[in-house]
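J.: Shown below is the structure under consideration.
Nothing in this text is a laboratory measurement; each read-out follows from the coordinates by a stated rule. Keep in mind the model is a prediction, meaning the values are calculated, not measured. Don't worry about glycine lacking a Cβ; one is built from the backbone with ideal geometry, like all the others, and counts go over all protein chains shown.
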Amino acid sequence: MKRRLFALTATAAALTLSLASGAALAQVKWDLASAYPATNFHSENLQQFANDIDKATAGKLKITVHANAALFKAPEIKRAVQGGQAQAGEIIFANFQNEWQIYGADGLPFLADSYDEAAKLYKAQKPLIEKKLAEQGMGLLYAVAWPPQGIYTKKPLNSAADLKGIKWRAYSPNTSRIAELVGAQPVTVQAAELSQALATGVVESTMTSGATGVDSKLYESLKYYYDMQAWLPKNAVIVNKAAFDALDKPTQAIVLNAAAEAEVRGTAASKRVNTETLEKLKANGMSIVVPSAQLKADMKKVGDTMLKEWLEKAGAEGKAVVDAFSKP
Ligand code: PCA
């Protein structure tokens, strides 16, 4: 009897041992939700990020990228990552401004309107955003700016007054506010539904990048692109903290390293795509227009109003971000 018990215990011990080593070798699978088409430069960069991790971990961490809002719609991705329905996701910060103003800083017209300024603004936002995401049970892996935002229309624009009454597609609180300030009618439509909204006449103008102009074939319904270079909103790749913490240390280091590389690679791609997509819009019959002095001045005024409003809402944190950004 005694003997038998020992034998059983030994078997149990062996089993535990094999399970433990099995656990250490087990493959981890993550879902990464994103909202832009698979051929968009952000999505291609994400896929490369996932491939790099797959390779560096010898297949131990497999990340499936679900592009084009296939898993969650753009505004749902942040909550899905927070709740662990997706271990990771790509969000556009500016979508979450109503939750916390600092997320919207890079969606303010003419605050940071070049790649260099966007990088500087990111530096000012980053410590606050990392802290906020940590409080929400998430981590920031990397962020990449979209190309500068311009105005797409059917008819020529001489000044902001020409935007009065037109149906304006917005993707964020700030892009809706612009419409209100110029007297247009804002309709919120995320990129995944933009082509359809234009085709069905739900909207007839928008403010976005050349990249999204090409992704959504805006030249099929719209004729003009006013190259305002108004702001460069950032996409960020975020991770559920519990999912990240559950990885072993070497795998965590691999993820962070791949993220740092993705940030550099994605930023270079954004710059390249900015030039390429404006060329593509032109090749497809769109007029790429340098805005008139009047249109520029009108939109600058909109930007000034929005910065003032934002600073009122964002309080001391907002002031700290703008001060850090404005430091020479
Ligand atoms: N494209 C995205 C966000 C900013 C951009 O350039 C969009 O239009 O939804």
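J.: List the aspartates and glutamates whose Cα lies under 13 Å from the Cα of K55, skipping any in the same chain that are fewer than 8 positions away.
T.: Partners within reach: none.
J.: Can you tell me the 0 to 90 degree angle between the C-alpha axis of helix 41-56 and the longest principal axis of the chain, rounded to 10?
T.: Between helix and principal axis, roughly 20 degrees.
J.: Follow-up question, since we're still on this one. Angle check, please: helix 293-326 long axis (alpha carbons) against the longest principal axis of the chain (alpha carbons), in degrees 0 to 90, nearest 10.
T.: So the helix axis and the longest Cα principal axis differ by about 40 degrees.
J.: My understanding is that a pair violates if its Cα-Cα distance is over 29 Å; which of K249/K271; K120/K164; K223/K327; K234/K319 do that in this structure? Kindly include the intermediate steps, with their values, before the conclusion.
T.: Numbers: K249/K271 34 Å; K120/K164 34 Å; K223/K327 40 Å; K234/K319 20 Å.
Where the Cα-Cα span goes over 29 Å, the pairs concerned are K249/K271; K120/K164; K223/K327.
J.: Using a Gaussian network model of the chain with C-alpha springs under 10 Å, which one of A80, A70, A246 is most mobile by mean-square fluctuation?
T.: Highest fluctuation among the options: A246.
J.: For the chain, which semi-axes, largest first and in whole Å, follow from the square roots of 5 times the eigenvalues of its Cα gyration tensor?
T.: Details: eigenvalues 392, 89, 55 Å².
One finds semi-axes of 44, 21, 17 Å for the chain.
J.: Now, a different point. Return the single residue from V187, V144, V81 with maximal mean-square fluctuation; model: Gaussian network over the chain, springs between Cα atoms under 10 Å.
T.: V187
J.: Using a Gaussian network model of the chain with C-alpha springs under 10 Å, which one of A259, A161, A314 is most mobile by mean-square fluctuation?
T.: Looking only at A259, A161, A314, the largest GNM fluctuation is found for A161.
J.: Full-extension gain between Q85 and S287, please, as 0.36 nm times their residue separation minus the C-alpha to C-alpha distance.
T.: Numbers: separation 202, 0.36 × 202 = 72.72 nm, distance 4.30 nm.
Full extension of this stretch gives 68.4 nm more.
J.: Turning to a different aspect of this structure: List the relative contact order of the chain as a percent without decimals, with contacts defined as Cα pairs under 8 Å and 6+ residues apart. The partial results should precede the final answer.
T.: Working: 574 pairs, mean separation 78.1, N = 328.
Relative contact order of the chain: 24 percent.
J.: Specify the angular offset, from 0 to 90 degrees and rounded to the nearest 10, of the alpha carbon long axis of helix 115-135 from the longest principal axis of the alpha carbons in the chain.
T.: Computed tilt is about 40 degrees.
J.: Looking at the range 207-244, which trypsin sites (Lys or Arg not before Pro) are DSSP coil and have at most 16 other C-beta atoms within 10 Å of their C-beta? The partial results should precede the final answer.
T.: Working: sites: K217, K223, K234, K241; in loops: K217, K223.
Hits after loop and neighbour filter: K217, K223.
J.: Would you please classify the overall shape of the range 206-328 from the alpha carbon gyration tensor, given that a ≥ b ≥ c denote the square roots of the eigenvalues, rounded means a/c under 1.5, and beyond that prolate means a/b larger than b/c while oblate covers the rest?
T.: Numbers: a/c = 2.72, a/b = 1.33, b/c = 2.05.
Taking the square roots of the gyration eigenvalues as a ≥ b ≥ c, the range 206-328 is oblate.
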